[in-house]
Amino acid sequence: MKPEISVVIPAHNEEVCLPRCLSSVRTAEDHLSAPVEIVVVLNRCTDRTESIAKGFGASVVAEPARNLARIRNAGILCSQAGTVVTIDADSRMSANMLSEVSRRLSTGRYVGGGVRIMPERMSVGIFFSSLTFAPRLLLERGWAGMFWMRRETFDALGGFDEGFVSAEDVDFARRLRAYGRRCGLRYGIINRACIVTSCRKFDLFGDWYLFRNRRLVSRILSGHDQEAADHYYYDFGKGPE
């Protein structure tokens, strides 16, 4: 049976976080009462990520590039459903997430959109560090960390722009919103469901790290600084320099 929704998850050595993410997707599938395909994109994995993914019935595809746009695209291009959802391996979705995605798209009023994000913990340092991204996120009017859309919409946009080595999600949100306006459709933020995302980067770098390194934030948001992207994303786990 063809799946109703494909959930695409980039994963680089995610044996710790991936089980919670996959379990949340399967729980959301139960609430949807329709088949859900999971595609895990293996990015230079040397741990048990692949076997864990297969244990949850996920399909796997390998993409070694240090480029999240390319990694996300690889997974979506291998997916089969008419609706696509992207989520990171260190996040987990609420049980009603996929049913909310299906409900929104079934109205015919939405081009797709994002969701509400909740950190797994909060501190003064995390709050102020998060504010370093706030001006850009306000400018983009509602970018959020999990995307949902029709596959045909993804294809019409040409996917994530692989010219970006970071901030590919901010660029994609902008283009998705603009495409929606051209089609007379709204860019939606799902507030009745949420994703909970880990604070592992704060755990490693420190809660105040981004606030104290606002130049790094600017380099990341530029989307084209490979050194900054490697430091904060693709070489994650080595700790601050």
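The values are calculated or read from the model by the stated rules, or taken from the named source; none is laboratory data. This structure is a prediction, so every number in the text was calculated from the model and none was measured. Neighbour counts run over all protein chains shown; Cβ positions are idealised from the backbone, glycine included.
How many residues are in a loop (DSSP other than H, G, I, E, B) and crowded, with 17+ Cβ neighbours inside 10 Å if we restrict to segment 1-12?
The qualifying residues number 3.
Which of the following residues is of a type in the set (Gly, Ala, Ser) and surrounded by 14 or more Cβ atoms within 10 Å (Cβ to Cβ): Ala229, Ala178? Walk me through how you get there before you give the answer.
Values: Ala178 fails: surrounded by 14 or more Cβ atoms within 10 Å (Cβ to Cβ).
From the options Ala229, Ala178, the qualifying one is Ala229.
In this structure, is Met122 within 14 Å of the chain's Cα centre (by Cα), at pLDDT 85 or above and not in a helix (DSSP H, G or I)? Outline the logic, then answer.
Numbers: within 14 Å of the chain's Cα centre (by Cα): no; at pLDDT 85 or above: yes; not in a helix (DSSP H, G or I): yes.
Criteria not met by Met122.
So which of Arg121, Arg92, Arg104 is among the charged types (D, E, K, R) and buried (at least 23 other Cβ atoms within 10 Å of the Cβ)?
On the way: Arg121 fails: buried (at least 23 other Cβ atoms within 10 Å of the Cβ); Arg104 fails: buried (at least 23 other Cβ atoms within 10 Å of the Cβ).
Going through Arg121, Arg92, Arg104 in turn, the sole match is Arg92.
How about segment 181-195: which of its residues are surrounded by fewer than 18 Cβ atoms within 10 Å (Cβ to Cβ) and within 19 Å of the chain's Cα centre (by Cα)? Steps first, answer last, please.
We begin by selecting, within segment 181-195, every residue surrounded by fewer than 18 Cβ atoms within 10 Å (Cβ to Cβ); these are 181-184, 186, 189, 191-192.
Residues satisfying the conditions are Ile189, Asn191, Arg192.
Which is of a type in the set (Asp, Glu), crowded, with 16+ Cβ neighbours inside 10 Å and in contact with a helix residue (DSSP H, G or I) (Cβ under 6 Å, 6 or more places away or on another chain), of Glu15, Glu50, Glu29, Glu37?
Values: Glu50 fails: in contact with a helix residue (DSSP H, G or I) (Cβ under 6 Å, 6 or more places away or on another chain); Glu29 fails: in contact with a helix residue (DSSP H, G or I) (Cβ under 6 Å, 6 or more places away or on another chain); Glu37 fails: in contact with a helix residue (DSSP H, G or I) (Cβ under 6 Å, 6 or more places away or on another chain).
Just one listed residue meets the conditions, Glu15.
Six or more apart or on different chains, Cβ atoms under 6 Å: show the pairs whose first residue is in segment 46-70 and farther than 19 Å from Ile87 by Cβ and of a type in the set (Lys, Arg) and whose second is modelled with pLDDT under 95 and outside any loop (DSSP other than H, G, I, E, B).
Arg66/Tyr234
Could you tell me how many of the residues in segment 53-64 are closer than 13 Å to Val7 by Cα and either among the small types (Gly, Ala, Ser) or surrounded by fewer than 14 Cβ atoms within 10 Å (Cβ to Cβ) (or both)?
4
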